[in-house]
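Colleague: Sharing a structure below in structure tokens format, with a few things to ask.
The values are calculated or read from the model by the stated rules, or taken from the named source; none is laboratory data. Quick caveat, the model's predicted, so the values are computed rather than measured. Cβ: placed from backbone, ideal geometry, glycine included. Neighbour counts: every protein chain shown. Quick note on the areas: whole protein, heavy atoms, side chains included, nothing else; ligands and nucleic acids left out. Shrake-Rupley method; radii C 1.70, N 1.55, O 1.52, S 1.80 Å.
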Amino acid sequence: LRSRKFQFTTRSLITMVEDIANTRNTDVESTARKIIYKESLICGLYLGLIMVSIYLLSWLVNPLYSTNTFISGALQLFEFGLLCIFILSVRKLAGGFWSYSQAFSSSIIITLLSVGLKYSWNFILYNFIDRSLGERIGEVVFATVQKELLKTGISQGVIDTNLENMKSYSNPGTPKIFLLALVSSVIASLVISLILAVIVKKNKPVFTSV
């Protein structure tokens with residue numbers, strides 16, 4: 001009887017310790033999720049505002065800056081670098097470790113919030129601040145494509161056909177192209193987040209105490 005009573009007491013103690021540990025793990029995970037969500041929102045806001053500020057300054061210096069391939073590429077690389085820095089900072093604040101799903105959640109929150117702010121700025125710019133900007137950008141793109149097609153040596157008829165088909169897609173200020181660009185950016189954010197999550201995930205070692 002004493003042996004059975006001892007076994008029962010031991011099992012009860014083990015169960016109680018496991019319940020306490022599970023409760024503690026749940027609390028830690030819940031806290032980490034809250035930190036990741038909050039800090040990701042803040043970082044997404046910072047990233048979006050930084051990029052909007054850069055776009056604004058670039059527009060003030062040269063309204064047609066987006067037609068320059070070098071400048072556009074440099075801005076994209078700069079934004080991607082900031083994104084990586086912000087994601088790693090969120091991971092550090094969350095304890096230095098997080099799963100793939102947590103890394104993806106953080107990345108997608110940051111990128112989507114940034115995309116929302118940037119396209120809000122573009123909408124205001126094209127529709128209220130500089131209404132002719134979209135047309136001017138379209139003209140530059142149109143002329144650039146025409147120049148490149150002439151270099152290929154193809155017939156003028158083919159060039160005219162291609163340019164005619166391109167007209168409806170050369171003005172980024174039209175609702176159709178604006179929405180198409182927005183959807184493309186959202187899809188790109190999803191793909192980038194899926195890839196970044198694989199790179200920045202860092203699972204907690206099994207032997208590490210909670």
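Colleague: Only one of K204, K147 is loosely packed, with under 11 Cβ neighbours inside 10 Å and more than 17 Å from the chain's Cα centre (by Cα). Can you tell me which?
Modeller: K147
Colleague: If you check N122 against the conditions, is it modelled with pLDDT of 95 or more, within 30 Å of N62 (Cβ to Cβ) and within 29 Å of the chain's Cα centre (by Cα)?
Modeller: Spelling it out, N122 is indeed modelled with pLDDT of 95 or more, within 30 Å of N62 (Cβ to Cβ) and within 29 Å of the chain's Cα centre (by Cα).
Colleague: Out of all the residues in segment 187-201, is one or more open to solvent by less than 60 Å² (accessible area, probe 1.4 Å) and without any contact (Cβ under 8 Å) to a residue 40 or more places away in the chain?
Modeller: The answer is yes; a qualifying residue exists.
Colleague: Could you list all residues from segment 69-104 that are open to solvent by less than 50 Å² (accessible area, probe 1.4 Å), hydroxyl-bearing (S, T, Y), more than 23 Å from L56 (Cα to Cα) and in a helix (DSSP H, G or I)?
Modeller: S89 - this is the single residue of segment 69-104 that is open to solvent by less than 50 Å² (accessible area, probe 1.4 Å), hydroxyl-bearing (S, T, Y), more than 23 Å from L56 (Cα to Cα) and in a helix (DSSP H, G or I).
Colleague: Continuing with the same structure: Yes or no: A181 touching a Pro at 6+ places or on another chain (Cβ under 8 Å), small (G, A, S) and farther than 20 Å from W98 by Cβ?
Modeller: Working: touching a Pro at 6+ places or on another chain (Cβ under 8 Å): yes; small (G, A, S): yes; farther than 20 Å from W98 by Cβ: yes.
Answer is yes for this residue.
Colleague: Now for a different question. V115: within 28 Å of E139 (Cα to Cα), modelled with pLDDT of 95 or more, in contact with a Phe, Trp or Tyr (Cβ under 6 Å, 6 or more places away or on another chain) and surrounded by 14 or more Cβ atoms within 10 Å (Cβ to Cβ), yes or no?
Modeller: No; evaluated as a whole, the condition is false for this residue.
Colleague: Any residue in segment 124-136 that is of a type in the set (S, T, Y) and part of a helix (DSSP H, G or I)?
Modeller: Looking for residues that are of a type in the set (S, T, Y) and part of a helix (DSSP H, G or I), one finds at least one in segment 124-136, hence yes.
Colleague: Sticking with this structure for a sec: All but one of (1) more than 22 Å from F80 (Cα to Cα); (2) modelled with pLDDT of 85 or more; (3) open to solvent by 40 Å² or more (accessible area, probe 1.4 Å) hold for T152, so report the exception by its number.
Modeller: (2)
Colleague: Being aliphatic (A, V, I, L, M) and either farther than 25 Å from K118 by Cβ or without any contact (Cβ under 8 Å) to a residue 24 or more places away in the chain (or both) is the filter here, so list the residues in segment 149-176 that pass it. Full working, then the answer.
Modeller: Initially, segment 149-176 is screened for residues aliphatic (A, V, I, L, M), giving 149-150, 154, 158-159, 163, 166.
The answer is L149, L150, I154, V158, I159, L163.
Colleague: Would you please name the residue that is nearest to A188 (Cα to Cα), looking only at residues in segment 121-148 that are of a type in the set (S, T, Y) and touching a residue at least 40 places away in the same chain (Cβ under 8 Å)?
Modeller: Of everything passing the filter in segment 121-148, Y126 is nearest to A188 (Cα to Cα).
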